[in-house]
1. Within segment 103-198, which GluC sites (Glu not before Pro) sit in a loop by DSSP and count at most 14 neighbouring Cβ atoms inside 10 Å?
2. Using a 10 Å Cβ count of at most 13 others and DSSP loop calls, identify the longest part of the chain lacking such trypsin sites (Lys or Arg not before Pro).
3. What longest range of the chain stays clear of loop-exposed chymotrypsin sites (Phe, Trp or Tyr not before Pro) (DSSP non-H/G/I/E/B, at most 16 other C-beta within 10 angstrom)?
4. Please arrange 195, 100 by how many other C-beta atoms lie within 10 Å of their C-beta, fewest to most.
5. Could you let me know the centre-to-centre spacing of segment 260-313 and segment 135-167, using Cα atoms, in angstrom?
6. Using a Förster radius of 22 Å, what is the FRET efficiency between residue 297 and residue 170 based on their Cβ-Cβ separation? Nearest 0.05, please.
7. Looking at the chain, what % of its DSSP beta bridges pair antiparallel, to the nearest 5?
8. If you build a Gaussian network model of the chain, linking Cα atoms that sit under 10 Å apart, which residue out of 191, 42, 168 swings the most?
Amino acid sequence: MLQYLIILLDKESVSFCSTPPKGERGGGLMPLETLRQGIRFGMMENLMIQYVYPDKELSKEYAEVIESIDHSKIKSLPQSLLKEGRMDADVWVTESIKDIKAEVPVVWRTDKQNLFNSEADIVCALENVPRLNVVLTDVETFTDEDFEKYKQLLSALAKHIEKLYVEGKAPQLNLLTDRMMLQKMNNCGAGDTTITLAPNGKFYVCPAFFYEDESDSIGDLENGLDIKNKQLYKLEYAPICRHCDAYQCKRCIWLNRKTTLEVNTPSHEQCVLAHLERNASRELLNNIRKHGTFLPEQEDIKEIDYLDPFDKRDTWQ
């Protein structure tokens, strides 16, 4: 069931997930009437609206329309403003987390090489932001060597997080702490719980589908939604994911289609990364519990002997 409506205020709106970087797009602000119609659609469907902003300032007229309904704001801000902890967004998106300080969650988009070289900056960020979401932009390029580097980095970060918990702090890092808290899948939900409205007045499964091909829409404001084979975006129709307990996995629908040509089937790389995170979360949970009671209502994360659930398909029921 739909819960969220993402409204891209401009073709240059910030990328906050695996969406192609905005430098590859042309500009184009959503017309005010389209914005009003989008808000009306969200109200009629009882959807929570998430506005995704471009870097440029919007006029007072746009601000008045935006503020006419409850919402959250996703923005990209210059590093100088991030350091100041400026509170004018609900989520900040950045390409660098060096010396970052903020009072709201931060999304850090990065490639694997930058990630592997940023352990100290990540640790620093965990002490200065309430939540850090790391989004990898080149998942499909991971090799066995990269997987090993990722495993080592997760292990190192888990030690830092354990230390912070012992000190009475509660850092949140999506790669490690999310799985400890979850008891069921918590993925992006594109095409199922979330849809996107683009500046052209058309709906898309997620922003990446719009930026990749504007003709790949799932309806428009005039005629409503038209999601073909919409059951395929649901977890129960995902042959691999429905058997999986890497609950923190992003299960990126766009990346699925890009790498396997099926929206409900993830790539080997996406599965292995998610299970490396799962296993590191298991170790972190066990280690924190050595210091005292922690998440007593949460079940232990069981030990497994695989990194890709497809390898265990013979055991599926």
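1. 103, 127, 167
2. Numbers: sites that count: 56, 98, 169, 184, 228, 290, 302.
The answer is 99-168.
3. The segment 1-293 is the longest one with no such site.
4. 100, 195
5. 13 Å
6. Once the sixth-power term is evaluated, E becomes 0.85.
7. The antiparallel proportion sits near 20 percent.
8. Answer for the Gaussian network model of the chain: 168.
Just so you know, all these numbers are worked out from the coordinates, no wet-lab data involved. The structure presented is a predicted model; accordingly, all values stated were derived computationally and were not measured. Heads up, the Cβs are rebuilt from the backbone with ideal geometry, glycines too, and the neighbour counts pull from every protein chain shown.
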